[in-house]
Amino acid sequence: MKIMVVGGGGREHAIIKKIKENPDVEKIYAVPGNGGMAQDAECVDIDAEDVPAVVGYAKELKPDYAVVAPDDPLVAGMVDELEKIGIPCFGPEAKAAIIEGSKAFSKDLMKKYGIPTAQYATFTEEEPALEYVSKCDIPVVVKASGLAKGKGVIICETREQAVDAVKSMMEEKKFGNSGMTVVIEEFLEGPEVSVLSFTDGETLIPMISSMDHKRAFDGDKGLNTGGMGTIAPNPYYTQEIADQCMKEIFLPTMAAMNAEGRTFKGCLYFGLMITKDGPKVIEYNCRFGDPEAQVVLPLLDSDLLSIMMHCTDGTLKDADVRFAHDEAACCVVMATKGYPESYGKGFPIDIPEDVRDHVYVAGADLGEGGQLLSHGGRVLGVTERGKTLKEAIDKAYASVEKISFPDGFYRHDIGARAMKALEK
Ligand code: AMP
Ligand code: GLY
């Protein structure tokens, strides 16, 4: 089989490595992929967000199956277009991807169907939004409704910050059209858990839970990033909470999307906060999380491609989905110094042969003589599995230390909070 994977980051590399385990896969085409994954896939230099260009390429390539991994092309309807030319896909159609593409939509959905989430108000005009933040409880969370490359959420500790956040979105249009509608939300507290799930609209199978580490530096200091590391499973996600989430959040969300005529097929991601009043939804994503995919997929002990195809065919109930629930994984992200603010590119990275299988490359090119050169903020993720979380963390850091990337940095405390929770 010929498989096309759309996207070019660490998540896509993790998906590609897992799909490659299927013996029927002859070749994987990554659109655009990146130089660091050239060993695992043929990279095709087309922007993943350029729907007509990707669809045009797919027409020629005629892959047997396609995986659309990033949010932007999903929300823009790439799956709809690929299906029109007869290519079966993993990923939701645009009408379902809206669950991530519009926070105003997802909040209204949760309200309508009684799915627990933070209280909120939605605004399309600046004046009433400013009026609202002049009176609401503080802290408050101001969110651009549309996609904003993970940067559209501002936690405001003071009223002034809330006013600035509203103005930055609605007046200065910092997030373009994505910030024309703003969701202002109650501030929730508690540990965060990411739960990705496979669903075909009839059956929903949660994957092993995980924990992201969003801040740039040790001790959760510094700016928010796309994620500096992950661990799985997440110790805050007990069986009791998992059962409650299935009953109160996961199945009701699947049913709500069906009731709205927006059946979701693909990976539905639940960003949860375990508050003192129980688990609540912080956000939905219409795709695998990054870097969550880099700890969750290595713990999958059955065949990813078959599961994906079962989602597409509506036969997920027949799929063999098995995670190593008695093991753990840790992914440490290496980023270029200066990330997430300004950083250069073209810095050399050397990955020794013995850790290469455990490295997911997010932002690097192949230079002369096959030298790997950085070209992004987050450059790679290193994932190791262990019998315990401690073993996974120690192994991941041992592998990170073998990689030479003098212009890079990484957090030294990925998994530390989870270890503390386990010790309690
Ligand atoms: P999102 O992009 O929606 O995942 O938000 C980014 C991060 O902002 C989340 O992972 C949370 O840490 C935080 N956040 C979002 N909404 C809230 C909220 N209502 N209360 C507290 N923190 C939040
Ligand atoms: N790691 C969070 C996300 O993928 O949105």
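The values are calculated or read from the model by the stated rules, or taken from the named source; none is laboratory data. For clarity, every value in this text was computed on a predicted model and none was experimentally measured. Here the Cβ is made from the backbone with ideal geometry for all residues, glycine too, and neighbour counts use every protein chain on show. All accessible areas refer to the heavy atoms of the entire protein, side chains included, with ligands and DNA or RNA removed. Shrake-Rupley method; radii C 1.70, N 1.55, O 1.52, S 1.80 Å.
Contact list please: Cβ distance under 7 Å, first residue in the stretch 142-156 and within 9 Å of ligand 1 (Cβ to nearest atom) and open to solvent by 40 Å² or more (accessible area, probe 1.4 Å), second residue basic (Lys, Arg) and not in a loop (DSSP other than H, G, I, E, B), pairs at least six apart or on different chains.
Note: pairs meeting the criteria are Val153/Lys143.
Is it fair to say Met334 is in contact with a Gly (Cβ under 7 Å, 6 or more places away or on another chain), farther than 30 Å from Val400 by Cβ, in contact (Cβ under 8 Å) with a residue 12 or more places away in the chain and open to solvent by less than 40 Å² (accessible area, probe 1.4 Å)?
It is false that Met334 is in contact with a Gly (Cβ under 7 Å, 6 or more places away or on another chain), farther than 30 Å from Val400 by Cβ, in contact (Cβ under 8 Å) with a residue 12 or more places away in the chain and open to solvent by less than 40 Å² (accessible area, probe 1.4 Å).
What is the number of the single condition among (1) out of contact with any helix residue (DSSP H, G or I) (no Cβ under 6 Å at 6 or more places or on another chain); (2) closer than 30 Å to Asp326 by Cα; (3) of a type in the set (Gly, Ala, Ser) that Gly176 does not meet?
(2)
On the basis of being more than 16 Å from ligand 2 (Cβ to nearest atom), in contact with a Phe, Trp or Tyr (Cβ under 8 Å, 6 or more places away or on another chain), over 29 Å from Ile19 (Cα atoms) and touching a residue at least 12 places away in the same chain (Cβ under 8 Å), does Asp108 make the cut?
No: the conditions fail for Asp108.
All but one of (1) buried (at least 23 other Cβ atoms within 10 Å of the Cβ); (2) away from ligand 2 (no atom under 16 Å from the Cβ) hold for Met207, so report the exception by its number.
Unmet for Met207, out of (1) buried (at least 23 other Cβ atoms within 10 Å of the Cβ); (2) away from ligand 2 (no atom under 16 Å from the Cβ): (2).
Mind listing whichever residues of the stretch 313-327 are under 24 Å from Ile249 (Cβ atoms) and either buried (at least 21 other Cβ atoms within 10 Å of the Cβ) or free of Cβ contacts under 8 Å to residues at least 60 places away in the same chain (or both)?
Within the stretch 313-327, Leu316, Arg322 qualify.
Please enumerate the residues belonging to the stretch 163-201 that are away from ligand 1 (no atom under 14 Å from the Cβ) and either more than 21 Å from Leu130 (Cα to Cα) or part of a loop (DSSP other than H, G, I, E, B) (or both).
Glu171, Glu172, Lys173, Lys174, Met180, Thr181, Ser197, Phe198, Thr199, Asp200, Gly201
Please go through the stretch 257-297 and pick out each residue that is away from ligand 2 (no atom under 16 Å from the Cβ), surrounded by 19 or more Cβ atoms within 10 Å (Cβ to Cβ) and not in a strand (DSSP E or B).
Across the stretch 257-297, the qualifying residues are Met257, Arg262, Phe264, Lys265.
Mind checking whether some residue in the stretch 220-236 is closer than 30 Å to Val333 by Cβ, of a type in the set (A, V, I, L, M) and away from ligand 1 (no atom under 16 Å from the Cβ)?
The answer is yes, given that some residue of the stretch 220-236 is closer than 30 Å to Val333 by Cβ, of a type in the set (A, V, I, L, M) and away from ligand 1 (no atom under 16 Å from the Cβ).
Which residue pairs have Cβ atoms closer than 6 Å, lie 6 or more positions apart in sequence or on different chains, and pair a first residue in the stretch 275-293 that is over 15 Å from Lys107 (Cα atoms) with a second residue that is open to solvent by 30 Å² or more (accessible area, probe 1.4 Å) and part of a loop (DSSP other than H, G, I, E, B)?
Thr275/Gly190
Filter the stretch 407-424 for residues that are in contact with a strand residue (DSSP E or B) (Cβ under 8 Å, 6 or more places away or on another chain) and open to solvent by 20 Å² or more (accessible area, probe 1.4 Å); which is farthest from Arg378 (Cα to Cα)?
Arg417
Restricting the stretch 82-92 to residues that are of a type outside the set (Phe, Trp, Tyr) and surrounded by 22 or more Cβ atoms within 10 Å (Cβ to Cβ), which is farthest from ligand 1 (Cβ to nearest atom)?
Leu82
Any residue at all in the stretch 9-21 that is open to solvent by less than 10 Å² (accessible area, probe 1.4 Å), among the acidic types (Asp, Glu) and in contact (Cβ under 8 Å) with a residue 12 or more places away in the chain?
yes
Would you mention how many residues in the stretch 370-392 are closer than 8 Å to Ala329 by Cα, touching a residue at least 60 places away in the same chain (Cβ under 8 Å) and open to solvent by less than 20 Å² (accessible area, probe 1.4 Å)?
Final tally of qualifying residues: 3.
Could you check the stretch 229-256 and list, in sequence order, the residues that are in a helix (DSSP H, G or I) and either within 16 Å of ligand 2 (Cβ to nearest atom) or among the β-branched types (Val, Ile, Thr) (or both)?
Within the stretch 229-256, Ile241, Ile249, Thr253 qualify.
Is it the case that some residue within the stretch 228-240 is within 23 Å of Lys107 (Cβ to Cβ), touching a Gly at 6+ places or on another chain (Cβ under 7 Å) and among the hydrophobic types (A, V, I, L, M, F, W, C)?
The answer is no; no qualifying residue exists.
What helices (runs of 4 or more DSSP H) lie completely within the stretch 1-97 and have 2 or more residues being aliphatic (A, V, I, L, M) and within 16 Å of ligand 2 (Cβ to nearest atom)?
Correct list: 10-19, 71-75.
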